[in-house]
Structures are given as structure tokens and as C-alpha cells.
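The values are calculated or read from the model by the stated rules, or taken from the named source; none is laboratory data. On a predicted model such as this, the values are computed, not experimentally measured, just so you know. Note that we place each Cβ from the backbone using ideal geometry, even for glycine, and neighbour counts take in every protein chain shown. Each accessible area value is taken on the protein alone, full model and side chains, heavy atoms only, with ligands, DNA and RNA left out. Shrake-Rupley method; radii C 1.70, N 1.55, O 1.52, S 1.80 Å.
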Amino acid sequence: MLAVVCATLLETRHKQMAILNILEFPDSRLRTIAKPVLQVDDSIRKLVDDMLETMYQAPGIGLAATQVDVHLRVVVMDLSEEGNDPMVLINPEVEVLDGDTCPNQEGCLSVPGFYETVERPAHIRLKALDKYGAPFEIEPENLMAVCIQHELDHLNGKLFVDYLSAFKRERIKKKLEKLHRRQN
């Protein structure tokens, strides 16, 4: 009986979640600067759940609300191998803690199929609210620090391709535009 109730609850929860459309470069909406979340309520928690579902489906390790055409300061991430350790960042703020940088191969759900090396600070301090509006602070390093900075760039209307040379950025743009024409 308990298994049936649990299965029914999971089915109901899954039906309420939605896979959102991820905007792709060079869509100009990706350049919109996100506004702060004024109140963490059920609508924000629903957005978070839908973003997580979308990120896992894509599949990716991070997704900013800007990428799904919602211009609020909300990010979801999950760096775990199993995809079972979601992290929610609402109104995130980052402070670089030292001058050390680390080059990382970055990709992006909004720039599908392209990976380039980007150099970012390796150690940061993050202040944010969680899914329920509780404030927290962490000092991530390396991959987590890079991922957070990548996603926060989205909230500020910036993409990882902006760190590349104009030639590389234009080449990626042309290839994606050609792909979009073929799909339409």
C-alpha cells in the first residue's frame, strides 16, 4: 500500500513539472540582465523544479533562468555523478577570494555542441538564498567555482563565448545559425 501511495505521489509530482525551452546563442534574449527575486514563493519553487527537470533532461550540470527566458536571478546546478545533489542559487552574489585562476573546458546548454577553454577565478565566496529563501554562504573552488561563475554570467547577459576571440565567437554563431535554419 505504501509503495502505491509513494508511486502515485511521484507520478503526480512528475506531471506537474515541465521541460522548459532552452534559448540558444545567438538569441538576443540571452543578453537580458536578470532581475532579483523579491520573494521566494511557490512560483519560484515551481520554476526551480522545472529548471532542474530541464537541466537533467538536457543533460547539463547547470542552468540559469535566463536560459529558459525567465529573467530572474535563479540558478540550478548539480555536479554530482549520480545527478542527485541539486543546488539552488537565488539572488546569488560572488566575490573572488584570490588571484588564482584555472582554465576549464566549458560547454553550455545554450551553445550546444561547442566546448572551449575559459580561464576563471578558482576560489570564490558565494552568498545566495536556497529554494526556500534561507540565506547561505559557501567558498567553492575549482569546478564548482567555475560552474557558479558560468551560470552567474548568464544572469548578467553574458555567455562563455564572450571570453573567446571574435573569430571563434563568430564561427560558433554562424554554425549555430546554420543549424537553426536547417531545423526550421
_By accessible area with a 1.4 Å probe, ligands and nucleic acids excluded, highest first: order of ILE22, ILE148_ = ILE22, ILE148
*Which of the lysines could be linked to LYS168 by a straight reach, that is with a Cα gap under 29 Å, when you skip same-chain ones fewer than 8 residues away?*
LYS158, LYS178
*Around PRO103, what is the net charge, scoring Lys/Arg as +1 and Asp/Glu as -1 over all other residues with Cβ under 14 Å from its Cβ?*
-3
_Backbone HN-Hα couplings from phi across the stretch 162-175 [Karplus 6.51/-1.76/1.60, Hz, Gly and Pro as x]_ = 5, 8, 8, 5, 4, 4, 4, 4, 5, 4, 5, 4, 5, 5
*How much of the accessible area of the stretch 2-157, probe 1.4 Å, is carbon plus sulfur, in whole percent?*
53
*In nm, to one decimal, how far is the MET17 label point from the PHE136 one, both placed 7 Å along Cα→Cβ?*
1.8
*GluC sites (Glu not before Pro), loop per DSSP, at most 15 other Cβ atoms within 10 Å - longest free stretch of the chain*: 83-184
*For the chain, calculate the relative contact order in percent as a whole number, restricting contacts to Cα pairs under 8 Å that are 6 or more residues apart.*
22
_Local net charge near TYR163, Cβ-Cβ under 10 Å (Lys/Arg +1, Asp/Glu -1)_ = -1
*Residues with amide H under 5 Å of CYS108's amide H, sequence separation 5 or more or different chain, H placed in the peptide plane at 1.01 Å from N; which?*
GLY113, PHE114
*Using amide H atoms built 1.01 Å from N in the peptide plane, name the residues 5+ places from LEU72, or on other chains, whose amide H lies under 5 Å from its own.*
LYS35, THR66
_Can you work out the Karplus-derived ³J(HN,Hα) for every residue in the stretch 62-74? Use 6.51 cos²θ - 1.76 cosθ + 1.60 with θ = phi - 60°, whole Hz, and x for glycine or proline._
x, 8, 9, 4, 4, 5, 10, 6, 10, 9, 10, 7, 9
*As a check on your grasp of the helix formula, calculate [θ] at 222 nm for the chain: sum -39500 (n - 2.57) over DSSP H runs of n ≥ 4, divide by the residue count, round to the nearest 500.*
-11500 deg cm²/dmol
*asked:* For a quick check: with amide H placed at 1.01 Å from N, whose amide H comes under 5 Å from ILE124's, ignoring anything fewer than 5 positions away on the same chain?
replied: LEU97
